[in-house]
Amino acid sequence: MQNFTFVNPTRIIFGKAVVAKLGPEAAKAGKKALFVYGGGSIKKNGVYDVIMESLARNGVAVTEHAGVKPNPALSHVQAGIAKARAAGCDLVVAAGGGSVIDEAKAIAAGAMYEGDVWDFFCGKAEIRQALPLFTALTLPATGSEMNAGCVVTNEVTAQKYSAHSPALFPRVSALDPETTLTLPREQVAYGAVDSIAHIIEGYFTTRDADAEVTDEIVHALARSVVASTLRILKDPADYNARASMMWSATLALNGLATCGYGGTSFINHAIEHSLSAIYDIAHGAGLAIVMPAWFRHHLETAGPARLEKFGAAVFGVSGAAETIAAFEDFFRRAGAPVRLAEAGIPAEDIPKISANAMGLIRLWGMKHEQPEIEKILRLAV
Ligand code: NZQ
Ligand code: ZN
């Protein structure tokens, strides 16, 4: 088990009717909020009204920035920064899934920076400060509600890159599982796949495979995601399954699931980001295609030990090939595509996808070359 530092300053308020608590929390930080949200799901499920009322009751004025799209676009982030500056906003409130929270983070940092916000994503500048951020999560998946990262797509260059800084941790995140009851079935599936991806990346790429406590945290989170998802798909009104899923997804990428691993890689994500950058597919859909292929590559290059351990603990199967089959079976049962063609992506595009992935691989300092990425993608045909 390697040395590590674990810090997570985000205050989580979890449970029924907690979104109304954001107003008093936001009022401690400022008087003028930029309220960031997406294509309107929060108007349908009531979250919008609860936030507007809670902010008004606590004396916080609101400027709205609506229309964040899944895989948030740089131009919309830049528009949000201009709005926040023009209105003199001193805090940001976000309500929605990972795309909304990520865009809100980019705006919060960009509003306090003189240059172009893309500088943070392409490695030209570091985020040193950001407006305080308050979130209401409505889609368990990305962990953005309790982590220090955000992902934005430069739609001109088709680069889907990330920025990270302790300044990006949300101050407070309200997690009400009831707000997830309106999720379309496919978003439930993609959220489950993304959560699984977050917990397996570290487990399978660790430099130190003898950190039993973290292995067991990973097993427990994966078992919870699988069981909760199957319960939700069977009965979408199952509150306790929604609640377990929501908390599992948050814990999957808040730093807990890699403690002691001493250096891990986010290779499945690096490859997936090129799929969602080029084809604008859901992040979880892309991961369900990449992961089974990468597992086959991992088995060939790193051997069966980790796959066998994970499979026995999470799926109750013995054997590395059986573990890969169990992953794939779960993704399929959830309703996610597991091959490129199932998402309408032609195999002829593999060189283009791999070339795009190399941008992020270099930026993240990972040691992979394009032929290896092409080989992995060919396993997804
Ligand atoms: O836009 P609205 O109307 O809100 O609709 C959204 C969107 O269409 C809808 N939705 C969200 N909550 C809902 C709902 N519909 C009904 N009821 C609800 N309660 O779901 C659709 C997808 O939303 P999105 O935010 O795009 O999904 P997700 O949470 O999966 O976020 C994906 C983005 O996060 C990035 C991904 O790359 C992608 O851009 N990631 C962010 C990470 C981070 N910050 O740490 C890590 C991840 O690995 C990931 O890369
Ligand atoms: Zn992810």
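The values are calculated or read from the model by the stated rules, or taken from the named source; none is laboratory data. Quick caveat, the model's predicted, so the values are computed rather than measured. Neighbour counts run over all protein chains shown; Cβ positions are idealised from the backbone, glycine included. Keep in mind that these areas ignore ligands, DNA and RNA; they rest on the heavy atoms of the full protein, side chains included. Shrake-Rupley method; radii C 1.70, N 1.55, O 1.52, S 1.80 Å.
Things worth noting here:
- Count Lys and Arg as plus one, Asp and Glu as minus one, and take only other residues whose Cβ is under 12 Å from that of HIS219; the net charge is then 0.
- Pairwise label distance in nanometres, ARG332 with ARG128, each label 7 Å out on the Cα-Cβ vector: 5.4
- Charge dipole (debye, nearest 20) of the chain; +1 at Cβ of Lys and Arg, -1 at Cβ of Asp and Glu: 820
- Antiparallel %, DSSP beta bridges [both residues in segment 110-251], to 5: 60
- Hz values of 3J(HN,Hα) by residue in segment 146-163 - Karplus curve (6.51, -1.76, 1.60), Gly and Pro given as x: 9, 9, 10, x, 8, 10, 9, 9, 7, 6, 7, 9, 6, 10, 9, 10, 10, 10
- Helix-only mean residue ellipticity at 222 nm for the chain, each DSSP H run of n ≥ 4 adding -39500 (n - 2.57), per residue, nearest 500: -15000 deg cm²/dmol
- Heavy-atom surface of the chain, accessible at 1.4 Å and reported per residue (Å²): 39
- Taking the DSSP bridge list for the chain and keeping only pairs wholly inside it, about 20 percent are antiparallel.
- Other residues with beta-carbon under 14 Å from the beta-carbon of LEU287 carry, at +1 per Lys or Arg and -1 per Asp or Glu, a net charge of -3.
- Of every Cα-Cα pair in segment 11-178, the percent that sits beyond 28 Å: 12
- Segment 184-378 - charge dipole about Cα centre, Lys and Arg +1 at Cβ, Asp and Glu -1, debye rounded to 20: 200
- Of the residues ILE289, ILE200, ALA220, the one whose Cα sits farthest toward the positive end of the charge dipole of the chain, with +1 on the Cβ of Lys and Arg and -1 on the Cβ of Asp and Glu, is ALA220.
- The residues neighbouring VAL172, those whose beta-carbon lies less than 11 Å from its own, together hold a net charge of +2 under the Lys/Arg +1, Asp/Glu -1 convention.
- Nearest 10 degrees, 0 to 90: helix 212-234 Cα axis against the chain principal axis: 80
- Based on alpha-carbon atoms, the Kirkwood radius and the radius of gyration of segment 184-378 give Rg/Rh equal to 0.95.
- Rounded percent of accessible protein surface that carbon and sulfur make up, the chain, 1.4 Å probe: 54
- Computed over the chain, the ratio Rg/Rh where both radii use C-alpha atoms and Rh is Kirkwood: 0.95
- Charge dipole (the chain, unit charges on Cβ, about Cα centre) - positive-most of LEU22, THR10, ILE232: LEU22
- Most positive-pole-ward Cα, GLY316, LEU360, THR264, against dipole of segment 184-378 from beta carbon charges: GLY316
- Accessible area (Å², 1.4 Å probe, nearest 10) - MET146: 20
- Beta bridges per DSSP with both ends in segment 11-178, % antiparallel, nearest 5: 20
- Cut-off under 5 Å, modelled amide H: who pairs with VAL36 long-range: HIS65, VAL93, ALA94, ALA95
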